[in-house]
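Heads up, the thing below is written out as structure tokens.
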Amino acid sequence: MKFSLSWLKEHLDTDADAQGVADTLNRIGHEVESIDNPAEKLSAFRIARVLTAAPHPQADKLQVLSVDAGGEPLQVVCGAPNARAGMLGVFGPAGAVVPANGMVLKVAAIRGVESNGMMCSIAELELGDDHDGIIELAEDAPVGQVYAQWAGLDDPVIDVSITPNRQDCMGVRGIARDLAAAGLGKLRPLHDVYRMDSLAPISGEGPAPDIATHDPEGCPAFYAQAVSGVTNGPAPQWMRDKLHAIGQKPISVLVDITNFISIDLGRPLHVYDRAKLNGPLVARKATDGEEVLALNGKTYTLDSSMTVIADDGMVHDIGGVMGGEHSGVSESTTDVLIECAYFTPEHIARTGQKLTLTSDARQRFERGVDPAFLDDGLAIATKLVIDHCGGQPSAITRAGSPPVAPRNISYDPGHCLRLGGVDVPANEQRNILERLGFSLTPEWQVTPPSWRRDVEGSAD
């Protein structure tokens, strides 16, 4: 589970630095595997202005640049088609290490002309996939400043190994909740994080999506809302930056919204192109031998133990594991259906094992997502779609019922010492449980929150 420090601080009001966060996570049982600050490997790269650009005397596709990186002008040979006098870009001097390939830059002759470093592309700095030209910066970028600092890349990424029982921490929100409970800061209200007046469902007009669940064992609850008249394109820069920071490739705003919510809140969703659907969308058991072309480009043969989402014509989704290629959104998508469903963890685990298919959605569903977060998750997804794609939302359809019956556990605070070997005063135990979202009666009847599937009895 990866997240950047700034991403965490959107949920957690804290002054802690990355090491302070890591120390607290380790102390409360979340093993931190690494802290990686992208700014460190970019510390040698500076903002530079191209003063002059002239043709290379020995190569038609190269230019000889004069570059100001905050000192004496330096001569640089460059093959980028967009290199030109007056532009601002990112310069790597001799001695810098190119992140993309580990090459150490040196003063060297290129086709007989000395070059004192290089002007860099997005891909060479591992900040994206664009390698067709060098980075072009805004006119107000300060010449000579370290690029990573100016660009806000000094943002450590923390990688945490989440144990299988802590499904609630498969999202940034859950990590922030645990850190707040441990006293590292204050958890921000979720509606404030998403700039919503409340997490109430988004009201819409027109008919609700025609959906149903015919497999209550595999998919007890299937909620959906349609949005018509959307425009799909690149996600906003802040969303792309977050995904890229943790190694995810941005695809399009509709896809990126679902990926972002999955990581931010531990709540997988799926978005269908409604123009590609034929009839009602139903959660049901697959029939033996049915096939689906998944989003990873592979075709999977299904059996009757597996839950799928299908219409009258075909399977569109291996429920809770991976969506299908046929109904995926594209640049031409204008009408979407947002799915927010609850899939039974054991069913998801068996399906993934049989198909030898893993995904971010499977990792979360097979551990157990919060069954009480369907309306909230759908409201957040619909808001993001409307905010960034436009469109008109429909009414909401709620098929089935999620398993949200509360579990009441009789607890003796003496168990902490007898079973755990740690002597914690009863009042402090009560405070810790309440900070973690548990509710307690004076008689120590404890009700775990809906997101803590791992707590079943007094020992837990």
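The values are calculated or read from the model by the stated rules, or taken from the named source; none is laboratory data. Not measured: the values here are computed from a predicted model. Using ideal geometry, Cβ is built from the backbone for each residue, glycine included, and neighbour counts are taken over all protein chains shown. Surface accessibility is based on the protein's heavy atoms, side chains included, excluding ligands, DNA and RNA. Shrake-Rupley method; radii C 1.70, N 1.55, O 1.52, S 1.80 Å.
Got a number for carbon plus sulfur as a percent of region 400-450's accessible area, 1.4 Å probe?
56
May I ask you to evaluate 6.51 cos²θ - 1.76 cosθ + 1.60, the Karplus curve with θ = phi - 60°, for each residue of region 181-192 and list the ³J(HN,Hα) values in order in whole Hz, giving x for glycine and proline?
Result, ordered by residue: 5, 7, x, 7, x, 10, 6, 6, x, 5, 5, 6 Hz.
In whole angstrom, note down how far apart the Cα centers of region 22-78 and region 131-178 are.
Comparing the Cα centres of region 22-78 and region 131-178, I get a distance of 16 Å.
What whole number of Å gives the distance from the Cα centroid of region 377-410 to the Cα centroid of region 179-242?
Here the two parts' Cα centres lie 6 Å apart.
How much accessible area per residue does the chain have, in Å², with a 1.4 Å probe?
Heavy-atom SASA per residue in the chain reads 45 Å².
Does region 1-90 come out rounded, prolate or oblate, given a ≥ b ≥ c as the square roots of the eigenvalues of its C-alpha gyration tensor, rounded meaning a/c under 1.5 and, failing that, prolate meaning a/b above b/c?
Verdict is prolate for region 1-90.
For region 246-296, which whole percent of the accessible surface, found with a 1.4 angstrom probe, sits on carbon and sulfur atoms?
Solvent-exposed carbon and sulfur of region 246-296 make up 50 percent of the total.
Please report the spacing between the Cα centers of region 300-364 and region 416-431 in Å, no decimals.
Value for the Cα centre distance between the two parts: 43 Å.
I need the shape label for region 133-193. Rule: rounded when a/c is under 1.5, else prolate if a/b > b/c, else oblate, with a, b, c from the alpha carbon gyration tensor.
In terms of gyration-tensor shape, prolate.
Assuming R0 = 51 Å, can you tell me the calculated FRET efficiency for the pair residue 36 and residue 410, based on Cβ-Cβ distance, to the nearest 0.05?
E between residue 36 and residue 410, to the nearest 0.05, is 0.70.
Work out, step by step, the length gained on full extension between residue 217 and residue 197: first 0.36 nm times the residue separation, then minus their alpha carbon distance; give nm to one decimal.
Extra length available between residue 217 and residue 197 comes to 3.7 nm.
What 222 nm value per residue comes from the helices of the chain, counting each DSSP H run with n ≥ 4 as -39,500 (n - 2.57) and dividing by all residues, nearest 500 deg cm²/dmol?
Helix contribution divided over all residues of the chain: -6500 deg cm²/dmol.
Tell me which lysines have Cα within less than 24 Å of residue 285's Cα, excluding those fewer than 8 residues away on the same chain?
Partners within reach: 276, 298, 354.
Might you work out the accessible area of residue 87 for me, using a 1.4 Å probe with all protein chains in place, and round it to the nearest 10 Å²?
Result for residue 87: roughly 10 Å² accessible.
Take the Cβ-Cβ distance between residue 150 and residue 60 as r, set R0 to 51 Å, and report the resulting FRET efficiency rounded to the nearest 0.05.
Numbers: r = 34 Å, r/R0 = 0.67.
Computed FRET efficiency for residue 150 and residue 60 comes out at 0.90.
Label residue 26 and residue 287 with points 7 Å out from Cα along Cα→Cβ: what is the distance between them in nm?
For residue 26 paired with residue 287, the spin-label model returns 5.7 nm.
Return, ordered by residue number, the residues of region 407-446 whose backbone nitrogen is under 13 Å from a label point located 7 Å along Cα→Cβ of residue 372.
Counting only backbone N, you get 407-408, 436-440.
Restricting things to alpha carbons, find the Rg to Rh ratio for the chain using the Kirkwood radius for Rh.
Numbers: Rg = 26.1 Å, Rh = 24.9 Å.
We get a ratio of 1.05 for the chain.
For region 297-416, what does the alpha-carbon gyration tensor say about shape, rounded, prolate or oblate, given a ≥ b ≥ c as the root eigenvalues, a/c under 1.5 as rounded, and a/b over b/c as prolate?
It comes out oblate by the Cα gyration axes.
More than 18 Å apart: what percent of Cα pairs in region 16-170 qualify?
For region 16-170, the fraction of Cα-Cα distances above 18 Å is 63 percent.
What relative contact order, as a whole-number percentage, does region 201-263 give when Cα pairs under 8 Å and 6 or more residues apart are counted?
Working: 38 pairs, mean separation 15.1, N = 63.
RCO, region 201-263: 24 percent.
Do any GluC sites (Glu not before Pro) in region 298-350 lie in a DSSP loop with no more than 10 other beta carbon atoms within 10 Å, and if so, which? Show your work: numbers first, answer last.
Numbers: sites: 325, 331, 339, 346; in loops: 325, 331.
Filter output for region 298-350: 331.
To the nearest 10 square angstrom, what accessible area does residue 191 show with a 1.4 Å probe?
Its heavy atoms expose roughly 60 Å² to the probe.
Using the Karplus curve 6.51 cos²θ - 1.76 cosθ + 1.60 with θ = phi - 60°, what ³J(HN,Hα) values do you get for each residue of region 345-353, in whole Hz, with x for Gly and Pro?
x, 4, 5, 5, 4, 5, 5, x, 5
As an exercise, use a Förster radius of 45 Å and the Cβ-Cβ distance of residue 108 and residue 17 to find the FRET efficiency, rounded to the nearest 0.05. Walk me through the numbers before you get to the answer.
On the way: r = 39 Å, r/R0 = 0.87.
After rounding to 0.05, the efficiency reads 0.70.
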